[in-house]
Amino acid sequence: MSKATRILTVDDSASMRALLNHALSTNGFDVSQADDGVSALEWLAVNEVDVVITDINMPRLDGFGLIEQVRGGTRHRDRPILVLTTESSDEKKARARAAGATGWIVKPFDTDKLVAAVRRVAH
Amino acid sequence: MAVDLSPPNVTRLTVLQGQFKVSAGPKVELSTVLGSCVATCLYDPVVELGGMNHFLLPEPPASHNRGEVDVHYGVYLMEMLINEMLAYGARKDRLRAHLYGGANIRSGMQQIGTANAEFARGFLLRERIELVREDLGGVSARRVDFRPASGQVRCRAVASSDAPEVTPQPVFRPAPRGEVELF
């Protein structure tokens, strides 16, 4: 049996983390969660991951900063990073793309579309 | 006849069911009328910015159709309101919240108002956002007028016929959100 895809979700909303955890765990993913960019970097420093899903607006370190730091490092620089956000502006989307995001998903998320996107980028 | 007691030159914006609005305008007033729905008013006193949402139901039921979403749920409208506030310079640890609504106006219906009120209180607790005032429950509709730049709120009872009708279950529609774009 193949190993479950490991996902780190990064979101400052406890309710959104709960929704994401439910949606992804019930679809067979191995889910870990962080509540902002700083917590995510601390977790990534000592853990392996296949896909990162991050919010944009978060305290301490936002999603843009997280993507830039992951891409600028060595350990996870090639990992797919999906942005999951309530933002819908083209400017923010372009900024995420320039920072190195792999994809952009608009909240409220649709579980089937989210799962399909994760499977596509996870290889 | 209703008398408008608002000062002159105030721009009143109505926050309808399933909506949220954020403003720092000193002459802006966000208004809504609530029955079993709940409105959250958030305010950051440092940047003098506020916002209001108006939700019909707490969270999607576990049985909901996974291919469809509804933005009328509190869990989405809470997050969208908070994110919009943060995008305009607010900080989550400075946010102060007011909660209004959650009445159970029609005795024969499910206690949607109570469920909405409990969800809103629990959400703020989980997110560690300070609840400074609430006027929830009861059997009367409410009108809420919120000045987002000053944080001032006025809440008063109004005739229940003024409150918008709420169906026990939201009307699901094809997802307007959740779109995926891979770069």
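When restricted to residues that are outside any loop (DSSP other than H, G, I, E, B) and buried (at least 19 other Cβ atoms within 10 Å of the Cβ), region A:94-107 contains 6. The residues of region B:74-93 that are more than 17 Å from A:Asp35 (Cβ to Cβ), over 16 Å from the mean Cα position of the chain (by Cα) and not in a loop (DSSP other than H, G, I, E, B) amount to a single one, B:Ala87. Looking at A:Leu84, A:Leu44, A:Leu61, A:Leu20, just one residue is within 26 Å of B:Asp93 (Cα to Cα), in contact (Cβ under 8 Å) with a residue 24 or more places away in the chain and surrounded by fewer than 21 Cβ atoms within 10 Å (Cβ to Cβ), and that residue is A:Leu61.
Restricting region A:91-123 to residues that are more than 11 Å from chain B (Cβ to nearest Cβ) and over 14 Å from A:Asp50 (Cβ atoms), the residue that is modelled with the lowest pLDDT is A:Glu91. Residue count for region A:23-41 under the criterion of being away from chain B (no Cβ under 11 Å) and either without any contact (Cβ under 8 Å) to a residue 12 or more places away in the chain or aliphatic (A, V, I, L, M) (or both): the result is 7. Taking the listed residues B:Val132, B:Val166, the one that is surrounded by 13 or more Cβ atoms within 10 Å (Cβ to Cβ) and either under 30 Å from A:Asp90 (Cα atoms) or at pLDDT 95 or above (or both) is B:Val132, with no other qualifying.
Per-residue answers, yes or no, for (1) within 14 Å of chain A (Cβ to nearest Cβ); (2) part of a loop (DSSP other than H, G, I, E, B); (3) within 19 Å of B:Leu49 (Cβ to Cβ):
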site: B:Arg106; (1), (2), (3): no, yes, no
site: B:Gly113; (1), (2), (3): no, no, no
site: B:Arg121; (1), (2), (3): yes, no, no
site: B:Val132; (1), (2), (3): no, no, yes
site: B:Val144; (1), (2), (3): no, no, yes
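B:Arg156 falls short on exactly one of the conditions (1) out of contact with any strand residue (DSSP E or B) (no Cβ under 9 Å at 6 or more places or on another chain); (2) surrounded by fewer than 13 Cβ atoms within 10 Å (Cβ to Cβ), and that condition is (1).
Looking only at region B:12-43, residues that are out of contact with any Gly (no Cβ under 7 Å at 6 or more places or on another chain), farther than 22 Å from B:Leu95 by Cβ and not charged (D, E, K, R) come to 5 in all.
Listed by position, the strands (runs of 3 or more DSSP E) enclosed by region A:1-90 that each have at least 3 residues that are modelled with pLDDT of 95 or more and farther than 25 Å from B:Tyr88 by Cβ are A:6-10, A:30-34. Condition (residue is outside any loop (DSSP other than H, G, I, E, B) and within 11 Å of another protein chain (Cβ to nearest Cβ)) applied to region B:94-102: is it met by at least one residue? Yes, that holds for at least one residue.
From the list B:Tyr88, B:Tyr76, the lone residue that is modelled with pLDDT under 95, closer than 19 Å to A:Lys107 by Cα and buried (at least 24 other Cβ atoms within 10 Å of the Cβ) is B:Tyr76.
The values are calculated or read from the model by the stated rules, or taken from the named source; none is laboratory data. This structure is a prediction, so every number in the text was calculated from the model and none was measured. A quick note on method: Cβ atoms are made from the backbone with ideal geometry, for glycine too, and the neighbour counts reach across all protein chains shown.
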